[in-house]
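Engineer: I have a structure I would like to understand better, so I am pasting it below and will then ask my questions one at a time.
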Amino acid sequence: MKKLFTASLLIGVCSLVVFGQTESRADLLKDIEAKRADLAILEKKFLAPSPEDQSAYADFLGQPETGLIRLLPREKFDPIGNTKSGMTIRGGGAYYSFARLTHEYGGSDIELSGGYLSVGFAGADFGKCPPDMHTEQGAQWRRLHAAGAADEQFGTDACFDLT
């Protein structure tokens, strides 16, 4: 009887240790979601314009309907093909939507890839521009584009001299 009790007690303790060490799939998923939330915060900070850039363009930013964004080169930060240095955000921070105010790829207005800004990608290539959109003409194009009227004023080639 004493041996049966000792054996039962040993099995019970071992079971508690095993169950205590095994994470459930639900717990693992919660852990993954928490880490993704932490990564999203870090990526948002990484994509934010620097205080130096904000200071340098303070006059521009004082105008109505203006803003400052940072685009990351697609070839370096897109998670497809860059599993170690890629961002988790779809498109790797290389895209931006002025209408949705997001870097998330999908319905994006602009892309930075190969050293060029591109508009009208994913089957409709309208042109490429050097990345210099901080002029009044660039702001005017963004306002018209958001209203769906950019093509009427500038044509479908959205690449114009912004210097």
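Engineer: Between Ile69, Ile89, which is touching a strand residue (DSSP E or B) at 6+ places or on another chain (Cβ under 6 Å) and assigned to a loop (DSSP other than H, G, I, E, B)?
Structural biologist: None of the others qualify; the one that does is Ile69.
Engineer: Within segment 58-83, work out how many residues are modelled with pLDDT of 90 or more, surrounded by fewer than 11 Cβ atoms within 10 Å (Cβ to Cβ) and charged (D, E, K, R).
Structural biologist: Of the residues in that region, 1 qualify.
Engineer: Next question. Tell me which residues, restricted to segment 92-121, are part of a strand (DSSP E or B) and hydrophobic (A, V, I, L, M, F, W, C).
Structural biologist: Of the residues in segment 92-121, the ones part of a strand (DSSP E or B) are 95-97, 102, 110-113, 116-119.
If the condition is that a residue be part of a strand (DSSP E or B) and hydrophobic (A, V, I, L, M, F, W, C), then Ile110, Leu112, Leu117, Val119 are the ones that fit.
Engineer: Does segment 55-69 hold any residues that are hydrophobic (A, V, I, L, M, F, W, C) and within 18 Å of Arg100 (Cα to Cα), and which are they?
Structural biologist: Hits for segment 55-69 are Leu68, Ile69.
Engineer: Tell me, which residue of segment 21-57 that is out of contact with any Asp or Glu (no Cβ under 9 Å at 6 or more places or on another chain) and outside any helix (DSSP H, G or I) is nearest to Thr88 (Cα to Cα)?
Structural biologist: Here the answer is Ala48.
Engineer: Now a separate question. Look at segment 84-137 and say how many of its residues are under 16 Å from Ile69 (Cβ atoms), modelled with pLDDT under 90 and among the polar types (S, T, N, Q).
Structural biologist: 4
Engineer: While we're on this one: Sort out which residues of segment 39-52 are of a type outside the set (A, V, I, L, M, F, W, C) and within 19 Å of Thr102 (Cβ to Cβ), and write them in order of number. Spell out the reasoning first.
Structural biologist: Within segment 39-52, the subset of a type outside the set (A, V, I, L, M, F, W, C) is 43-45, 49-52.
Within segment 39-52, Glu43, Lys44, Lys45, Pro49 qualify.
The values are calculated or read from the model by the stated rules, or taken from the named source; none is laboratory data. Quick caveat, the model's predicted, so the values are computed rather than measured. Neighbour counts are summed over all protein chains in view; Cβ atoms, including those assigned to glycine, are modelled from backbone coordinates with ideal geometry.
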